[in-house]
Amino acid sequence: MPPYPRALVVLVSVVVNVWGAVTSPPSAILDVPGSPVPTLPAQWAALHDGATHLPSSSGSLPLVVQYIVHSFLENCGLTLFYDRRDDWGDVKEILNIVGRPLMVFALEDLPDGGGVLVLANDTEIPVFSTCSAYILLSQEPEGLRSLVLSEEFRTQLHYLGRFIFVTGEGIGSAKVILENEVMAWRPYALVISKVSRGDVDQPGHEYEVWTHHVFRDDVADPVYLVERWQHGRPTNQAHLFPDKLENFHGSELRAVTFEHAPSIVDVHDGVAGHHYDGIDIRLLQILSGALNFLLKIVNPSDGGKWGSPLANGSWSGLTGDLTQHRAHMGVANLFIHIHYLEVVDMTVAYDMEFGCFITPLPEPLPQWIALIYPFTPQVWMTAMVFLLLGTPVLFLVSRASHRLLHDETSWVTSFSQNVFYGTGIFFGVGMPQVPRSDVTRSYFIMWVWYGLLITVVYRSSLTAFLTIPLTQPPIDTLQQLVASSLPAWGATGLTFKKMLQENPDPMVQQLALRYQPVSGAEEGILLTAQRKYAMMENRQFLEYMIATNYTNRHGEETLHVMRECFLPFRIGMAMPKKAPYKPNFDKVVTRVVEAGLVRKWFSDILFNSRRRGSEEGEGNRSVTLTIDNLQGAWLVLGSGWLVSVVTFLVEALASPVRRGVKDTHSGTEERSNA
């Protein structure tokens, strides 16, 4: 069969490979962008007829690759890289015998590069949705090592891909390729090397398959032999791509964090000493037990917290330790946000937080207002109406009995005395005279019953209001916050201010007008307690701070978390970019969330914090009433004195006139008698 024209081969390969990546893969295709295309052998057409075993002219290496692909890479997209300096015989045989579509790229040797292999210019390596498998062929292990350490290898080849290196002889080749900082974070890698024998020119060579341990402190040599190919078949039947990170075999993993309750709580125990507790710490402990690694908790190396970008492009704090691989994971109530995802990876979310404001509670009302608190305004209004109507009715009934039936005493002839008498019922004042008429008594009984019910209910409620401070409704909505007299509000840094400004809600945008950043959450909450600020943080943190520092032993809170929250955030665990253990962490985190453990941990931490607070302040609430509690009594007494003085002055001023009228009236009577 004559060689295919280059343009036709490239066109056909691109079309068929794109179709093969979306649907089930068809037969093997060759694509070598930017480099000469090896001529396809005549047997290539046989693959379309269902042929799967082709004669190998260069040995059994293609059979080894075929076995690995068909046994372990059935759902993976295949990409083959070959060293242009080598013989292309193995490449052609692999393309023929695999029976799957492959993207093929040439590896170039840099001029005067000392055998350094790089990808050809303008190479675009596809990433498959299921998994990506890479077959890399070169007789020079040092060249493959240089390729592994190149920037193109780290950025274009998926870190969770299946790597199959085919190179020269011996264990030294496997160590050269696998023992470096790049492959130490790529758990799925094989090195196929030929076994040295005297009859190397005969078909059916023996091959060894090497792999390596990752994140293992319990092994001296990370590179080990996993399979041997003899007489055209594998001898161990080993699983060549096991999940190496479902068990860390007791190796130590470092988690960087700092105190940020309730996610991270610094606990001082007299028995256990100083240690961390909290939602994130308990999640780390679950991961440690499920994946069998030794957890070591460290603080950010520079003493910072979450960290921020620096002028030189690096990061400080927790994020900086992860980007520099000084820790394997980081937790501290981390928001899954594009701000962090640009430099670190994060697990699936295990909690949902909302940005909320903590505000000071309004000043307590004056205690004298307790006199009106037992009844609502509607009850007071109804009681006053019945009092204004009931006493005149009592007077009219008594008057009618006295005039018409003549069976009532003369005390009912005075309206003021009837009002005084009827009102006294509500104060439990006994009267020296009682109604004698059955008509008056029947009405009087119902009037006394009504007054008794009102009085008993009022007295029983008044005791509680006299002993408990009277509070005003707190700030619960964003509209109330904007309309409040608080001079400022905000959070740590200016990140939240940008979020407020970019929010489409006009009410949220108004919050940015009085936004003032603080250096830390503690400073913001302290200013809030001084009624100078409203601190914005996630609800769980604010509830924990109130429970531990702003709740007395009687359960009374001095700060308040607004009911209307906004800015929802998902919480996740951070780790360095392209951390291979992320899928394993995601599985455990998902199970923890499905079991409802995160909510349970938060409830337990709040309960323990409140219990510690109650133990620190022992004693029962005193029920002794103070002068302040009895402000209403002093106010009523003072009002009575004032009314008495005013009445006395009025009568004193009016007494000469009244005496003059009385004297005139007496003189007229004397003259009449005379």
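The condition (being within 20 Å of HIS328 (Cβ to Cβ) and among the aliphatic types (A, V, I, L, M)) is satisfied by just one residue among LEU240, LEU225, LEU245: LEU245.
Per-residue answers, yes or no, for (1) assigned to a helix (DSSP H, G or I); (2) open to solvent by less than 50 Å² (accessible area, probe 1.4 Å):
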| site | (1), (2) |
| --- | --- |
| ARG570 | no, no |
| MET573 | no, yes |
| PRO580 | no, yes |
| PHE585 | yes, yes |
| VAL593 | yes, no |
| VAL598 | yes, yes |
| TRP601 | yes, yes |
| ILE605 | yes, yes |
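Only one entry in GLY232, GLY198 is farther than 21 Å from LEU73 by Cβ and either at pLDDT 90 or above or small (Gly, Ala, Ser) (or both), namely GLY198.
One residue is enough: does region 66-73 have a residue meeting the conditions crowded, with 20+ Cβ neighbours inside 10 Å, in a helix (DSSP H, G or I), within 49 Å of the chain's Cα centre (by Cα) and polar (S, T, N, Q)? There is at least one residue in region 66-73 that is crowded, with 20+ Cβ neighbours inside 10 Å, in a helix (DSSP H, G or I), within 49 Å of the chain's Cα centre (by Cα) and polar (S, T, N, Q). Taking region 206-225 as the range and being buried (at least 20 other Cβ atoms within 10 Å of the Cβ) and more than 41 Å from the chain's Cα centre (by Cα) as the test, the residues that pass are TYR207, GLU208, VAL209, TRP210. Filtering region 187-196 to residues that are open to solvent by 20 Å² or more (accessible area, probe 1.4 Å) and either β-branched (Val, Ile, Thr) or in contact (Cβ under 8 Å) with a residue 40 or more places away in the chain (or both) leaves TYR188, LYS194, VAL195.
Working only within region 343-382, note down all residues that are over 19 Å from the mean Cα position of the chain (by Cα), within 30 Å of ASN538 (Cβ to Cβ) and at pLDDT 85 or above.
If the condition is that a residue be over 19 Å from the mean Cα position of the chain (by Cα), within 30 Å of ASN538 (Cβ to Cβ) and at pLDDT 85 or above, then VAL343, THR359, PRO360, LEU361 are the ones that fit.
Quick grid of which residues meet (1) aromatic (Phe, Trp, Tyr); (2) touching a Cys at 6+ places or on another chain (Cβ under 7 Å); (3) on the phi < 0 side of the Ramachandran plot:
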residue	(1), (2), (3)
TYR276	yes, no, yes
ILE279	no, no, yes
ASN292	no, no, no
GLY317	no, no, no
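In the set ARG610, ARG591, ARG570, only one residue is modelled with pLDDT of 80 or more, of a type outside the set (A, V, I, L, M) and touching a strand residue (DSSP E or B) at 6+ places or on another chain (Cβ under 9 Å); that residue is ARG570.
Scanning region 80-117 for residues that are open to solvent by less than 10 Å² (accessible area, probe 1.4 Å) and either of a type in the set (D, E, K, R) or under 15 Å from LEU190 (Cβ atoms) (or both) yields a count of 4.
Within this structure, GLY304 passes the test of being open to solvent by less than 30 Å² (accessible area, probe 1.4 Å) and of a type outside the set (Asp, Glu). Summed over region 130-152, residues that are touching a residue at least 12 places away in the same chain (Cβ under 8 Å) and either open to solvent by 50 Å² or more (accessible area, probe 1.4 Å) or part of a loop (DSSP other than H, G, I, E, B) (or both) total 9. Tell me which residues, restricted to region 153-186, are of a type outside the set (Phe, Trp, Tyr), in contact (Cβ under 8 Å) with a residue 12 or more places away in the chain and assigned to a helix (DSSP H, G or I). ARG154, GLN156, ILE171, GLY172, SER173, ALA174, LYS175, VAL176, ILE177, LEU178, MET183, ALA184 - these are the residues of region 153-186 that are of a type outside the set (Phe, Trp, Tyr), in contact (Cβ under 8 Å) with a residue 12 or more places away in the chain and assigned to a helix (DSSP H, G or I). Could you tell me whether region 241-261 includes any residue that is of a type in the set (Gly, Ala, Ser), at pLDDT below 90 and either closer than 26 Å to ARG591 by Cα or open to solvent by less than 20 Å² (accessible area, probe 1.4 Å) (or both)? Within region 241-261, one or more residues are of a type in the set (Gly, Ala, Ser), at pLDDT below 90 and either closer than 26 Å to ARG591 by Cα or open to solvent by less than 20 Å² (accessible area, probe 1.4 Å) (or both). Can you work out which of the residues in region 513-565 that are part of a helix (DSSP H, G or I) and more than 26 Å from ALA332 (Cα to Cα) is most open to solvent (accessible area, probe 1.4 Å)? This residue is LEU513. Only one of the numbered conditions (1) out of contact with any Asp or Glu (no Cβ under 9 Å at 6 or more places or on another chain); (2) farther than 13 Å from ILE358 by Cα is not met by LEU542, and that is (2). Note on region 383-435: among residues that are modelled with pLDDT under 70 and surrounded by 14 or more Cβ atoms within 10 Å (Cβ to Cβ), the one that is nearest to the chain's Cα centre (by Cα) is VAL412. For region 466-492, taking the residues that are in contact with a Phe, Trp or Tyr (Cβ under 9 Å, 6 or more places away or on another chain) and either part of a loop (DSSP other than H, G, I, E, B) or of a type in the set (Phe, Trp, Tyr) (or both), the one that is surrounded by the fewest Cβ atoms within 10 Å (Cβ to Cβ) is identified as PRO487.
Hey, does region 485-492 have a residue that's under 25 Å from HIS260 (Cβ atoms), over 21 Å from the mean Cα position of the chain (by Cα) and of a type in the set (Gly, Ala, Ser)? Checking region 485-492: at least one residue is under 25 Å from HIS260 (Cβ atoms), over 21 Å from the mean Cα position of the chain (by Cα) and of a type in the set (Gly, Ala, Ser).
The values are calculated or read from the model by the stated rules, or taken from the named source; none is laboratory data. This one's a predicted model, so the numbers in the text were calculated from it and none came from an experiment. Cβ coordinates were reconstructed from backbone atoms using ideal geometry, including for glycine residues, and neighbour counts include every protein chain displayed. What goes into the accessible areas is simple: the full protein's heavy atoms, side chains included, and nothing from ligands, DNA or RNA. Shrake-Rupley method; radii C 1.70, N 1.55, O 1.52, S 1.80 Å.
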